[in-house]
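The structure appears below as structure tokens.
Derivation of every value follows stated rules applied to the coordinates shown; laboratory data play no part. Please read all numbers here as calculations on a predicted model, not as lab measurements. Positions of Cβ are generated from backbone atoms using ideal geometry, with glycine treated the same way; all protein chains shown enter the neighbour counts.
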Amino acid sequence: MNDYLLSIILGVIEGLTEFLPISSTAHLRIAEALLGVDLESGFWKMYSIVIQLGAILALTVFFWRRILRFLATFPRGESGDRNFFTHPLSLVAIAFVVTAVPAFLLAKLIGKNLENLWVMAGALLIGGIIMWIVDSFFVRPRVQRIEQMSLPAAIWIGAVQTLSAIFPGTSRSMCTIAAGQVAGMSREAALEFSFFLSIPTMFAATGYDLLKTLRPHHTTAAIAPLTMTPHLWLVTAIGFVCAFFVALAVVAWFLHWVRRHGFTPFAIYRILLGAALFFALSRGLIGR
């Protein structure tokens, strides 16, 4: 397939799936297997990291006014009832640290599962079932806005988010949304906190992956040295731009959707995709 067309497809998939609770990692890995992308290629490893940065940038652009408002009201908050530990920015930072520390310590385990389609199939299926149960039973939220969140809730969400790093296909957003609902947050508040938490989480994860990949230290996963030609730069730029604009549209649409419909359709989709992936793997219809 033409590299430019391939980059558009992968960039669109990244933008569509990064912030939906359906696992962008699983969708990209499945697409790469179906499209014959060489996973040993240094360029495509680097490319998959860069297009994630495009999606993250979309999130910061979408919420820039909200972020500036949080900065302006730190640490007392808009209502004056927050403190250094309970302001939304602090809660995001605390949840991030709770995720980052075990994720860093379990880096080797995470690396082993990163491209395992069997693990992704199981994570999609089990995660879909959990999400369906949570969205069906936790329907009386106590917290309507993230400005009302508690410190224990942020710690809980950060701890649950760790599962998405250990088991690819689980979905970072699925973990944080479901954990937020269990902690008594409304769907919209859980989703918004998931978005804000994804900014430092994804910047740190992609930055670490890019550094580890380009500056290897006795790791077979490294891609350095990598010679970038004008053609490869253009391919990368196309994927980055596609991921940015598609993610920007998806974030706006998803916030509107959740206010009216909830997360159950995404849970059903995860279950069906996980079952289909198990079937394809068992029949040898897709690479392992």
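Please report how far the C-alpha centroid of the stretch 1-76 lies from that of the stretch 101-171, rounded to the nearest whole angstrom.
Cα centroid to Cα centroid, the span is 18 Å.
How big is the charge dipole of the chain about its Cα centre, in debye rounded to the nearest 20, if each Lys and Arg gets +1 on its Cβ and each Asp and Glu gets -1 on its Cβ?
Details: 21 positive and 14 negative charges, 110 e Å.
With Lys and Arg at +1 and Asp and Glu at -1, about 540 debye.
Quick test of the membrane-span-like rule: which DSSP H helices of the chain reach at least 18 Å along their long axis (C-alpha atoms) with mean Kyte hydropathy at least 0.0? Don't skip to the answer; put the middle values down first.
Numbers: long enough: 3-17 (21 Å, 1.49); 42-62 (31 Å, 1.55); 88-105 (26 Å, 2.27); 117-137 (30 Å, 1.94); 151-166 (24 Å, 1.54); 187-214 (39 Å, 0.64); 230-260 (45 Å, 1.51); 264-282 (27 Å, 1.61).
Those that pass (Cα extent of 18 Å or more, hydropathy at least 0.0) are 3-17, 42-62, 88-105, 117-137, 151-166, 187-214, 230-260, 264-282.
Would you work out which of 56, 68, 84 lies farthest towards the positive end of the dipole of the chain? Charges go on Cβ: Lys and Arg +1, Asp and Glu -1.
After comparing all options, I get 84.
Just to be sure I understand the curve: with the Debye formula and one point per C-alpha of the stretch 49-169, what is log10 I(q)/I(0) at q = 0.11, 0.12, 0.18, 0.22 Å⁻¹?
Result of the Debye calculation: -0.52, -0.62, -1.20, -1.30.
Could you grab the relative contact order for the stretch 1-156? Cα pairs under 8 Å, six or more apart, rounded to a whole percent. Write out the running numbers ahead of the final one.
Values: 73 pairs, mean separation 34.3, N = 156.
Relative contact order, the stretch 1-156: 22 percent.
Among 188, 78, 115, which one moves the most in a GNM of the chain with springs linking Cα atoms closer than 10 Å?
Comparing 188, 78, 115 in a Gaussian network model of the chain, the most mobile one is 78.
Translational diffusion coefficient, Stokes-Einstein: compute it for the stretch 11-92 using the Kirkwood radius over C-alpha pairs as Rh, at 25 °C and 0.890 mPa s, and state it as an integer in µm² s⁻¹. Display every interim value, and only then the final one.
Values: Rh = 15.2 Å.
D, rounded to a whole number, is 161 µm²/s.
Taking Cα pairs under 8 Å and at least six residues apart, what relative contact order does the stretch 71-190 come out at, in percent?
Values: 151 pairs, mean separation 38.6, N = 120.
Across the stretch 71-190, relative contact order equals 32 percent.
Under 8 Å for C-alpha pairs, at least 6 residues apart: give me the relative contact order for the stretch 1-86, rounded to a whole percent. Can you show the working numbers first?
Details: 34 pairs, mean separation 15.9, N = 86.
Computed value for the stretch 1-86: 19 percent relative contact order.
State the three equivalent ellipsoid semi-axes of the chain, derived from the C-alpha gyration tensor as the square roots of 5 times its eigenvalues, in descending order and whole Å. Please report the intermediate quantities before stating the final value.
Numbers: eigenvalues 192, 97, 63 Å².
Gyration-tensor ellipsoid for the chain: 31, 22, 18 Å.
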